[in-house]
1. In the stretch 177-207, which residues are in contact with an Asp or Glu (Cβ under 7 Å, 6 or more places away or on another chain), farther than 23 Å from Val54 by Cα and hydrophobic (A, V, I, L, M, F, W, C)?
2. Determine which member of the set Asp139, Asp144 is open to solvent by 70 Å² or more (accessible area, probe 1.4 Å) and farther than 18 Å from Ser200 by Cα.
3. Quick test for you: out of Ile137, Ile192, Ile109, pick the one residue that is closer than 15 Å to Thr67 by Cα and assigned to a helix (DSSP H, G or I).
4. Quick one: in the stretch 121-136, which of the residues that are open to solvent by 90 Å² or more (accessible area, probe 1.4 Å) and modelled with pLDDT of 90 or more is farthest from Pro8 (Cα to Cα)?
5. Mind checking which residues of the stretch 195-207 are outside any loop (DSSP other than H, G, I, E, B) and open to solvent by 10 Å² or more (accessible area, probe 1.4 Å)?
Amino acid sequence: MHDKYTNPFLSCLSSEERQVFDSHSRVAFYKAGSSIIEREANDTSVYFVLSGSVNVLNYSQTGRAITYSSIGEGDIFGEMASIDCAPRAAWVFAATDCRALKIPGDIFIKLAEFNHKFSLALLKKISANLRAANERIIDIFSLDAEQRTCIELVRMAKPDPLQPEYYLVKHMPTQANFATLIGSSRETVSRIMSRLRNESIITISTRGLQILDKKQLEKRAFG
């Protein structure tokens, strides 16, 4: 079995559907910072992230980048255009070096039409996107920059596989990208991160951003 079928969207495919998927998909590699999807493009391909992470963003009228979300291993992006056949609604850039499976939108939709588990996974993905967007809108208008920073770190963190007592953000965005994600400035994020490091709440290493004191981080976020 290929490693792609550990993807939660693909693991439910039958052997016949996997043959269809294999015959129409291809692996694509993207360097960090490279463009994967451009806004207003008419392509409807869907991407399954095998490794690395990408940022979904738009630009305001003043040219400021506004990051909607960061998408990592096991997730998908580009599904909206395959569903409604409208032009792309946002840009997608590789946040790190990443590897993804690319499949034509019409094949993606056929899989959704004939496999109810695949369709349910897609519906859950869309629902999660809407919930996350709603939460971010509320956060931006009701919380200060430090609270938004801490909340986003809590959302992104997963248990550290090497040190289970800690949490890890494996693919931490750059400070500039993280700032757009929470609706702040890079300078503000830099000051907040320095404060969290000095107080031994987080630490930065080659493995990513490690949360040393999750309870204290949550207190800062929600307190």
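1. Of everything in the stretch 177-207, those that are in contact with an Asp or Glu (Cβ under 7 Å, 6 or more places away or on another chain), farther than 23 Å from Val54 by Cα and hydrophobic (A, V, I, L, M, F, W, C) turn out to be Ile192, Ile201.
2. Numbers: Asp139 fails: open to solvent by 70 Å² or more (accessible area, probe 1.4 Å).
From the options Asp139, Asp144, the qualifying one is Asp144.
3. Details: Ile192 fails: closer than 15 Å to Thr67 by Cα; Ile109 fails: closer than 15 Å to Thr67 by Cα.
It is Ile137.
4. Leu123
5. Taking the stretch 195-207 as the starting set, the residues that turn out to be outside any loop (DSSP other than H, G, I, E, B) are 195-198, 202-205.
Arg195, Arg197, Asn198, Thr203, Ile204, Ser205 - these are the residues of the stretch 195-207 that are outside any loop (DSSP other than H, G, I, E, B) and open to solvent by 10 Å² or more (accessible area, probe 1.4 Å).
The values are calculated or read from the model by the stated rules, or taken from the named source; none is laboratory data. Since the model is a prediction, treat every value here as computed from it, not as a measurement. With ideal geometry, Cβ positions are generated from the backbone for all residues, glycine too; neighbour counts draw on all protein chains shown. The protein model used for the area step is the full one, side chains on, heavy atoms only, and it has no ligands, DNA or RNA in it. Shrake-Rupley method; radii C 1.70, N 1.55, O 1.52, S 1.80 Å.
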